[in-house]
Amino acid sequence: MSDIETLERQILDAIAQASDEAALETARVTALGKKGSVSELLKTLGSMTPEERREKGPLLNGLRDRVGEAIAKRKAALGEETLSARLAFERIDVTLPIRPETTGSIHPVSQVLDEITAIFADLGFAIADGPDVEYDDYNFTKLNIPPDHPARQMHDTFYLSPQADGSRHVLRTHTSPVQVRTMLAQKPPIRVIAPGRTYRCDSDATHTPMFHQLEALVIDEDTNLGHLKWVVEQFCSAFFEVDSISLRARPSFFPFTEPSVEWDLNCDRSGGQIKFGVGNDWLELGGSGMVHPHVLEMCGIDPERYQGFAFGFGLDRMAMLKYGAPDLRPFFESDLRWLRHFGFAALDLPTLDGGLSR
């Protein structure tokens, strides 16, 4: 066996025994590198006679080519082995059962909003919407709230940076600006509800800086307090899913209504829970009243011809009352344990005929 054949066998054996790409690279450099064994032999062609080059040239070039092909094949084989090992390690057994993980649920506030929407839609109300960042004029002035009213102060309201003209926008403190926008945009009769996020500087077990509110507005030629009481009664009976309820009216004051009324709902607090429609106790429900004539006038509605009523309450508080949540703060903490307990099935949409909270 010639020296070239011996060298070729040694090189091919080293290539075949390379267990990874690093070892294969070492074998390549040893054979075909700048100072590799094959490269050193190729350098000797320059000092040979023409007859020797004709004899040795094809042998050495053939050796170089065969070594290169062997390296390429081994590299491909190593790549396939690496891929096969990775696939075997990372493969998923699709025959295993699916783990019983939570797939998501409807938040109680969203559920309550759907329930309330279904109730008011049945009563003939439309849904109105407005921006969270509101004009001071819509949030206060057109609602008959004077400049020195405490609600306008920094300790109660989130103000944004001043505009070029010196005016300041606010994060709306109630959804009443939606009523203003509705009255400015359409003529009576008007019958809408305005749900949405609101913002105030307050935080404890029953208050958060951001919360949800819903207000209702009715404007017509013959609207009166009797209509207001009937709508509140129908809503409470449907929402709390009781046959009948009793309401108690208390006189109050709101700048945008006159007269103003706060409603209490009869309940039973015994047994560590609240039941509505029974008992001799009372629970505050929300504020309401007849829309102030000055508000109608500022919104372009003739107070001599039209009158209306409005009422509102907190969606978060309604969810707490109906579903027994003791603290408002977890509503906004994204605790999966709390959401699993109080959440609702995604496809379990509330309907009046099928049951709101089935």
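Determine the alpha carbon to alpha carbon distance for each of LYS187/LYS275; LYS142/LYS275; LYS229/LYS275 and list only those over 31 Å.
LYS187/LYS275; LYS142/LYS275
At 222 nm, what helix-only mean residue ellipticity would the chain give, in deg cm²/dmol to the nearest 500, using -39500 (n - 2.57) for each DSSP H run of four or more?
Calculated mean residue ellipticity at 222 nm is -12500 deg cm²/dmol.
For the chain, rounded, prolate or oblate, judged on the Cα gyration tensor with a ≥ b ≥ c (square roots of eigenvalues), a/c < 1.5 rounded, else prolate if a/b > b/c?
prolate
Using a 1.4 Å probe, how large is the accessible area of ILE301, given in Å² and rounded to the nearest 10?
10
Residues with amide H under 5 Å of THR157's amide H, sequence separation 5 or more or different chain, H placed in the peptide plane at 1.01 Å from N; which?
Result for THR157 returns CYS201.
Note down the relative contact order for the chain as a percent, whole number, built from C-alpha pairs under 8 angstrom at least six residues apart.
Answer for the chain is 16 percent.
Counting other Cβ atoms within 10 Å, keep those with at most 12, restrict to DSSP loop, and tell me which trypsin sites (Lys or Arg not before Pro) in the range 294-329 are left.
Taking the range 294-329 and a limit of 12 other Cβ atoms within 10 Å, the loop trypsin sites (Lys or Arg not before Pro) found are ARG305.
Longest segment of the chain with no GluC sites (Glu not before Pro) in a DSSP loop having at most 12 other Cβ atoms within 10 Å?
The segment 102-220 is the longest one with no such site.
Could you grab the relative contact order for the range 183-243? Cα pairs under 8 Å, six or more apart, rounded to a whole percent.
Taking the mean separation of contacting Cα pairs over the length of the range 183-243, I get 31 percent.
Over the range 76-185, what is the mean sequence separation of C-alpha contacts under 8 Å (at least six apart), divided by residue count, expressed as relative contact order in percent?
It comes to 25 percent, rounded to a whole number.
Please list LYS75, LYS56, LYS187 from largest to smallest accessible area, probe radius 1.4 Å, with all protein chains kept in place.
I get LYS187, LYS75, LYS56, largest accessible area first.
Check cross-link reach from LYS35 to the lysines: straight Cα distance under 21 Å, and skip same-chain residues fewer than eight apart.
LYS43, LYS56
Can you tell which of CYS201, PRO293, LEU87 lies farthest toward the positive end of the dipole of the chain, using +1 and -1 charges on the Cβ of basic and acidic side chains (Lys, Arg; Asp, Glu)?
Result: LEU87.
The values are calculated or read from the model by the stated rules, or taken from the named source; none is laboratory data. Being a predicted model, the structure only gives us computed values, none of them experimental. Methodologically, a virtual Cβ is constructed for each residue, glycine included, from the backbone with ideal geometry; neighbour enumeration extends over all protein chains shown. Accessible surface areas use protein heavy atoms only, side chains included; no ligands, DNA or RNA. Shrake-Rupley method; radii C 1.70, N 1.55, O 1.52, S 1.80 Å.
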